[in-house]
Amino acid sequence: MTIGLIDVDGGHNFPNLALMKLSAWHKARGDVAEWWWGFGEYDRVYMSKVFDETYSSDILEPLNAREIVKGGTGYGLDNRLPDEVEHTYPDYSLYPELTKETAYGFLTRGCPRACDFCIVAGKEGRRSVKVADLSEWWSGQRYIELLDPNLLACPDHMNLLRQLKDSGAQVNFNQGLDARLLTQENIEAINAIRVKDIHFAWDRMEESEAVLAGLRLYRERASRKVHGDWGTVYVLTNHGTTMAENLYRVKTLIDLGYFPYIMIFDKPNAPREIKDLQRWCNRFVYKSEPDFRRYDPRRRGG
Ligand code: SF4
């Protein structure tokens, strides 16, 4: 078979894991798999879209394909790769620049929290379950991008943290570790890993006490900072918190030595003040102008 691949979100600077696995799976069967192009003839074309319409527009279906298969969260939550494809070592050659020294993948899927703004529990289930050993998608690359939604909620997380340590690779906990589930024991295990970047989240005021307890414990027990702070903390805004609560979280995190990273729910319709807060925070403007109320990006030219 001749297989065409379309990364509908192309340009987001992030490799499409599903296409990499489909490519590898087909090639292992003797098929030709390549990026779709207009002058080819294809038995099947896979169109994969991760982001929703807010961040990535759909494209027209190609005409030069006998069959078209669409998948990814951008097309709905009820599609997934067949098991044998899901567990295929990805074809990293599709994205030579992005994956030259970096492996991407999941060790766990699912999350018990089921936050109302997040698709993970609906798509992957309300439990965090181990889905792979590291060797399934890592084979000696220097860097690992770990995409797990809630690794610490998985009963096997200590074993998986050990696998990350044993790799010797630099690990980016890309999606955020659940600060409420930090313990002395798992912080020790994280300390043993070569951490490239680490992310937590403080999304709602109701979870403040538990999140802060975890962040304080991490600050006490973590063996080192990353890029000058204890980690990045995603701060969800425009979803059930006031501006005063947004500023409280930001200030508290800065005082604790974390980097607050503003996430905006429904960004296209968010108030200008929240977009300003995002710029002030995520671009480190607070280091030169600590008072957000005095920050005027229009007057200062951004
Ligand atoms: S804890 Fe994180 S991964 Fe889990 S449902 Fe909430 S936002 Fe999603």
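Okay, here's what the table says:
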quantity: Search result, residues across segment 78-118 that are among the aliphatic types (A, V, I, L, M) and either within 12 Å of the ligand (Cβ to nearest atom) or open to solvent by 30 Å² or more (accessible area, probe 1.4 Å) (or both); calculated: L81, L98, A114
quantity: Subset of segment 212-244 (residues that are among the basic types (K, R) and modelled with pLDDT of 95 or more); calculated: R216, R219, R221
quantity: Where a residue in segment 110-121 is not assigned by TED's automatic domain parsing to the domain that holds L147 and its partner, wherever it lies, is within 6 Å of the ligand (Cβ to nearest atom) and modelled with pLDDT of 95 or more, with Cβ under 6 Å and at least six apart; calculated: none
quantity: Any hit, segment 137-148, residues being within 18 Å of G214 (Cα to Cα) and within 16 Å of the ligand (Cβ to nearest atom); calculated: no
quantity: Any chance D197 is within 16 Å of the ligand (Cβ to nearest atom) and under 20 Å from V226 (Cβ atoms); calculated: no
quantity: Boolean, T73 is touching an Asp or Glu at 6+ places or on another chain (Cβ under 8 Å), within 16 Å of the ligand (Cβ to nearest atom), open to solvent by less than 30 Å² (accessible area, probe 1.4 Å) and not basic (K, R); calculated: no
quantity: Filter result (exposed (fewer than 15 other Cβ atoms within 10 Å of the Cβ) and within 10 Å of the ligand (Cβ to nearest atom)) within segment 119-136; calculated: I119, G122, R126
quantity: Qualifying position, being away from the ligand (no atom under 16 Å from the Cβ), of a type in the set (K, R) and within 21 Å of L256 (Cα to Cα), among R216, R204; calculated: R216
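The values are calculated or read from the model by the stated rules, or taken from the named source; none is laboratory data. Predicted model, so just to flag it, every value in this text is computed and none were measured. With ideal geometry, Cβ positions are generated from the backbone for all residues, glycine too; neighbour counts draw on all protein chains shown. The protein model used for the area step is the full one, side chains on, heavy atoms only, and it has no ligands, DNA or RNA in it. Shrake-Rupley method; radii C 1.70, N 1.55, O 1.52, S 1.80 Å.
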